[in-house]
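Below you'll find the structure, written out as structure tokens, and then a few comments.
Coordinate-derived values only; no laboratory data. Values in this document were obtained by computation on a predicted structure and should not be read as measured data. Glycine gets a Cβ as well: all are built from the backbone with ideal geometry, and neighbour counts include every protein chain shown.
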Amino acid sequence: MLMENFLRSKEYWSLVETGVPAAAEGVELTEAQQKTIADQKLKDLKVKNYLFQAIDRTIMETILNRDTAKHIWDSMKQKYQGSTRVKRAQLQALRKEFEVLQMKEGESVDAYFARTLIIANKMKIHGENMQQVVIIEKILRSMTSRFDYVVCSVEESNNLDILTIDELQSSLLVHEQRMNGHGGDEQALKVTYDDRTGGRGGGRTHGVSRGRGRQAFNKAIIECYKCHQLGHFQYECPKWEKEANYAELEEKEEMLLMSYVELNQSRREDVWFLDSGCSNHMCANKEWFSDLDEEFRESVKLGNNSKMAVLGKGNIRLQIAGVTQVITDVFYIPELKNNLLSIGQLQERGVALLIQHGVCRVYHPKKGLIMQTAMSANRMFILLARILPKAPTCFQTILEDNTHLWHCRYGHLSFKGLRTLQYKQMVKGLPQLKAPSKICTDCMVGKQHRDAIPKRSLWRASQRLQLVHADICGPIKPVSNSKKRYFISFIDDYSRKVWIYFLAEKSEAFTIFKNYKNLVEKETGAFIRCLRTDRGGEFNSDEFKVFCKTNGISRQLTAAYTPQQNGVAERKNRTIMNMVRSMLSEKQIPKNFWPEAVNWTAHVLNRSPTLAVKDMTPEEAWSGIKPNVDYFRVFGCIGHVHVSDSKRKKLDDKSFQCVLLGMSEESKAYRLYDPASKKIVVSRDVFFEESECWDWGRSNEEARLDILEWEDSNEEGSEHDQSEEESEEEVAAEEEGGEVSLSSSESPGENSPTSEESSPEGRNRRVPFWMEDYSSKWSAAMDLEIEAIERNGTWELTDLPKGMKKIGVKWVFKTKLNENGEVDKCKARLVAKGYAQQYGIDYTEVFAPVARWDTIRMIIALAARNSWSVFQLDVKSAFLHGELNEAVFVEQPQGYEKKGEEYKVYKLKKALYGLKQAPRAWYSRIEAYFVKEGFESMFVKFKNSMKLEFDMTDLGKMKYFLGVEVLQNPEGIYISQRKYAKEVLERFRMENSNSVKNPIVPGVRLMKDEEGAKVNATMYKQLVGSLMYLTATRPDLMYVVSLISRFMASPTELHLQAAKRVLRYLKGTVDLGVFYRKKGNGELMAYTDSDYAGDVDDRKSTSGYVFLLSEGAVSWSSKKQPVVTLSTTEAEFVAAASCACQGVWMRRVLEKLGHPQGKCTTVLCDNSSTIKLSKNPVMHGRSKHIDVRFHFLRDSDQRWSC
């Protein structure tokens, strides 16, 4: 930038931009032109001279061969400015540096502005658009804390959008000068010891108490609530800021004399003052100490009665007049302005001081004069000293950490306990210990506990629906009469009113929440602002998140394994279930009526006191109306319901008995249950017998076995939660009724099914009923998998070699279905986590060839023609037979560890599913077996031979293979994908759509729809992929699926409509497939065609072909051509060439299968020019432009012509 400005000022910049003009070859120049060129060359030499002067000598050596200034400039620009990518990388680094930029402590405003603007200017040079307001905001938010009030003043009094950087800098400079001016006078200090051991009348008794009943007070064991160190109170903590207050000494306490010196000079770090009024050496620079005890704490008092904190004591090495002196026991005081040497402390060290004739001399008893200084103009004795390095060169150090050593000796006793032993002198032989400087990792392993949960909430909602708590309780067993297994509760944080909804599955939570939202928002006119839940999947679904985001509802989710953060909902659910069990037990009501009890409990709790809402019930806090409870009756009591006159005759009973279940939600009436008719009755004309209960006709054994079970994953984590929510939900009724247990399965007294639940060792949890299938089916499947692995000799238990790593394993569960969609078996597969493998270490080659669908269909066609039956064999755990060449180690499966050898690993001798080389290992194994046995001779004894070599399952005649249904009958073999087609329709919710007669509207040309509405690309790709697999037996879908697959990068509504039409066509043709007839035509026949320039976007044509064998299609394709053809002849020629290539390959496969083609394969084409061109041996000019590879058709035609 500087050089560019300089060259522009000299009017030389054009030479750098365009260079020296050169004369064209063969052109004679006039004298004026020659003179102009000579002048330009002279100026170019001057520019080169300027550049050489500005460039470093080492760099100039690399550019001496550059001829002109432009070449030099371009070379430097390429080296140091780089390409666009290099600029972008440099800009990223500058952005990071700009973001983390902070003003340093003690840094001046000018220096910080310079650092900031240097980075900002560099970013501008690299193309960043740096506006002034961005730089100003960055400076303001990164100033040190002492500028906080200045920053607030600037932001409130100025418009940052129009404020300039210079104005901001000038304002901050003024404030900086003002702050520096108020720094205070330099003062000499004295030490005062705050070692008061007595009470208020302590005096100088040194620990002897005054007054009856008082004990000695040892301040050494007091813990500070700010820094958590021992020896001082919080208000005395030296870690407070400068404005912190320290306790004053009483007037009676001893005070050492000190001097108060005022100096009008700046701080000089190499100056020491000899001070007779100073009781101790003092220094403010921490870096000067050769060793420093930072645990030492005292305070010093100035002559003006103010105080400063001493944050350490240590030694300093000084060089005075060439002699090295070690000053010991120096106080470290960061706030001190000058360095002080105490004359009294020097005297204690045995030195003599002589002050005579304006000179102070210090004599050592053995070394004589060690330092001297003359009196200054203001009658001060100043020593000039040079600070030596912290310590001399050390060749070997031995550090003994006594604190950690005794911590280990005492079995990892806490440091607080060790300090207590030391200060109270409870033991002998314990040395002086310092606070540990690092964390003991062994204590973290053995003692670390969770952080305490706050006992009270720091925030409460001030309006209705400002915060809503929600939680799901369940599954509850038995299932209710309406097949409900869960209930979800919503609690308004402001009023603590609760709403209850019942669910059959957790997935209904989203629909329930929308219903609740509509209800409460229309009732209050307010909107739900925040929802607090746990991290259950029902609350974390994508649709739930999108709905909350769309409606402006913020989410609060609990941390993992921390249900206490949702304590309001958790405790409310616990209270509800406690009351439900009590009410059901009181009237001996069957447990499947628990939803009715839950509803009544919620109704009661909304009209009960709670500590969260003062002097009113939740219902009144919500609605503003004091509730009336004179209609309350005992839940489950007998009610005599009046029969209306219209429903009875003269002599019929005028009432019948029912069981009270609560209040009706729609009417002002009671909700009752008629056990005789097993119906719900709603009536207001009821007379109750609250002390009576219905006889349900159950024996004592049946009543005892009728247990209400409810599972709650968060139950155990919140049992010991003593948070605010737990105490707030305690209602008065529970307090009067006796002790309230905080456990969801408290000891129920005499009604307890077993006495083991209340044992001191803890309760025994029942296995959840949803795990019954796991215990019976999947556990057995896992045992079978482990048995198969060990029987196969897949691994051996060994120690993990040094330098090797183990690979994890996991279980994958799959329910295998038959062709009718019924469960065939439950399969558990132990899979290695192959993503942790590294190439060249635990795997190399991974390629394994597989059979093509063309080959499979040809085999089925040959079997149908020759009246063969196709059988299917399944190799059990096929990949487990592959032998490994690499050393691979896996961990022991969870739940199947060898007792006493849990630390060992398995070394794999054969492959496991999930390994990258597993397919290759299995292919190598089966290929070696085929070669050894002789493939040609295996057809006779194939099944028996394979069963001897591998663990196999004979599935009989092939019925269902890779999603393809195979039907074998005397007329032939029929293959289809009927089941898979129905699954595709159900997956994309098109099973109820109207069918159409063709997969695409004739004549429709799809194209890139740049202006169209975008659709979900992932869903579109899944749809195309599903349809692509259907083409294994559906050649009629090949063209349209190939067409819609071209737009997967950016699909729109137009493309999705075309894909949905394919699904509608599939709806009416799910049973279609391919039939291979018995004794059909064994001659391979091909049809080929092309769609000339069918792609509207790039005008490429589409090739298509189909091969028939046994009167059924065995191979087909529809693919866009790789080149743009210029005529229909060329398009048909390219399509025929690809068909010929496929035909040659299929003839070779058929020959290997024992069905050679006796004569040429006929390829039918509907373009006569293409046929003539393929037979014409002359390469004339009209066909030279066709790619050489497509003339393979002509070569094949001549080679196979009969």
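Using a simple spin-label model with points 7 Å from Cα along the Cα→Cβ vector, what separation in nm is obtained for SER482 and MET804?
Reported label-point gap for SER482 and MET804 is 6.2 nm.
Whole-Hz Karplus ³J(HN,Hα) for the stretch 154-160, in order, using 6.51 cos²θ - 1.76 cosθ + 1.60 and θ = phi - 60°, x for Gly and Pro?
5, 5, 7, 9, 10, 8, 5
If you keep only loop residues by DSSP, which trypsin sites (Lys or Arg not before Pro) in the stretch 575-630 have at most 10 other Cβ atoms within 10 Å of their Cβ?
Working: sites: ARG581, LYS587, LYS591, ARG607, LYS614; in loops: LYS587, ARG607, LYS614.
Sparse-neighbourhood loop trypsin sites (Lys or Arg not before Pro): LYS614.
Among the listed pairs LYS957/LYS1067; LYS810/LYS899; LYS997/LYS1079; LYS337/LYS366; LYS1021/LYS1120; LYS484/LYS591, which are separated by more than 23 Å between their Cα atoms? Each step should come with its number before you reach the end.
Working: LYS957/LYS1067 29 Å; LYS810/LYS899 20 Å; LYS997/LYS1079 32 Å; LYS337/LYS366 34 Å; LYS1021/LYS1120 19 Å; LYS484/LYS591 13 Å.
Over 23 Å Cα-Cα: LYS957/LYS1067; LYS997/LYS1079; LYS337/LYS366.
Rank GLY322, PHE296, GLN356 by how far each Cα sits towards the positive end of the charge dipole of the stretch 288-359 (+1 on Lys, Arg Cβ; -1 on Asp, Glu Cβ) and give me just the farthest.
The residue sitting most towards the positive pole is GLN356.
Just grab the label-to-label distance for ASN5 and LYS679, each label 7 Å out from Cα along the Cβ direction, in nm (one decimal).
9.8 nm
Could you order peptides 800-810, 498-508, 347-357 by the average number of other Cβ atoms within 10 Å of their residues, highest first?
Numbers: 800-810: 13.2, 498-508: 17.2, 347-357: 11.2.
Top of the packing list down: 498-508, 800-810, 347-357.
Using the Cα gyration tensor of the stretch 973-1200, with a ≥ b ≥ c the square roots of its eigenvalues, what is the shape: rounded (a/c below 1.5), prolate (a/b larger than b/c) or oblate (neither)? List each step's numbers first, then the result.
Working: a/c = 2.75, a/b = 1.33, b/c = 2.07.
Taking the square roots of the gyration eigenvalues as a ≥ b ≥ c, the stretch 973-1200 is oblate.
Hey, can you grab everything whose amide H is under 5 Å from the amide H of MET1085? Only 5+ residues off in sequence or another chain; H modelled, so Pro and N-termini drop out.
Amide H neighbours of MET1085, under 5 Å, 5+ apart: LEU1108.
On alpha carbon coordinates alone, what is the Rg over Rh value for the stretch 637-693, Rh being the Kirkwood radius? Working shown, then result.
Values: Rg = 11.3 Å, Rh = 11.7 Å.
Rg divided by Rh gives 0.97.
Full extension from LYS77 to GLU335: what is 0.36 nm times the residue separation minus their Cα-Cα distance, to one decimal in nm? Walk me through the numbers before you get to the answer.
On the way: separation 258, 0.36 × 258 = 92.88 nm, distance 5.10 nm.
That pair, LYS77 and GLU335, stretches by 87.8 nm at full extension.
What share of Cα pairs, in percent, lie more than 18 angstrom apart in the stretch 84-181?
Numbers: 2242 of 4753 pairs.
Percent of Cα pairs beyond 18 Å in the stretch 84-181: 47.
Under a 5 Å amide H to amide H cut-off, with H placed in plane at 1.01 Å, what residues pair with SER290 once short-range neighbours are removed?
Residues meeting the amide H criterion: ASN315, ILE316, ARG317.
Which values, in whole Å and largest first, are the semi-axes of the equivalent ellipsoid of the stretch 287-390 obtained as the square root of 5 times each eigenvalue of the Cα gyration tensor?
Values: eigenvalues 120, 67, 34 Å².
Semi-axes (√(5λ), whole Å): 25, 18, 13.
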